[in-house]
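As structure tokens, the structure follows; a few thoughts come after it.
Here, each number is a calculation from the coordinates, and none is a lab measurement. Bear in mind the structure is a predicted one, so any value in this text is a computation, not a measurement. Neighbour counts run over all protein chains shown; Cβ positions are idealised from the backbone, glycine included.
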Ligand SMILES: [Zn+2]
């Protein structure tokens with residue numbers, strides 16, 4: 001019979017959950033979905049596309065490509081980062 005446990009889920013929506021509140025709070029600081037990290041996962045410039053997969057509209061970069069010595073082009077602390085909310089406003093202006 002399985003044992004029921006309590007777990008804590010990341011507030012930034014990355015899907016991660018851990019068994020202690022302290023460990024998930026620590027994760028949230030470094031989570032790439034945390035807007036404070038200015039990482040691709042929370043960026044309004046990131047486009048998910050059938051043709052390109054994960055694409056950065058600002059840097060015109062395939063985020064899934066594997067440059068030498070790196071797993072992908074995914075970044076954090078990016079100077080081009082914009083919130084997804086601002087992206088919606090930009091698109092509304094263009095219409
Ligand atoms: Zn997270």
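The Cα atoms of the chain define a convex hull whose projected area, averaged across directions, is 9.4 nm². Based on every Cα atom in the stretch 38-88, Rg and the maximum pairwise Cα distance Dmax equal 10.6, 34 Å. Taking every alpha-carbon pair under 8 Å whose residues sit at least 6 apart, the chain reaches a relative contact order of 20 percent.
Ranked by how many other Cβ atoms sit within 10 Å of their own Cβ, fewest first, the residues 82, 47 fall in the order 47, 82. Rounded to the nearest 500, the helix-only mean residue ellipticity at 222 nm of the chain stands at -6500 deg cm²/dmol, with each DSSP H run of n ≥ 4 adding -39,500 (n - 2.57). Which angle between 0 and 90 degrees, to the nearest 10, do you get for helix 84-94 versus the longest principal axis of the chain when only C-alpha atoms count? The angle comes out at about 30 degrees.
In terms of packing, defined here as the mean over residues of other Cβ atoms within 10 angstrom, the peptides 74-80, 32-38 line up highest first as 32-38, 74-80.
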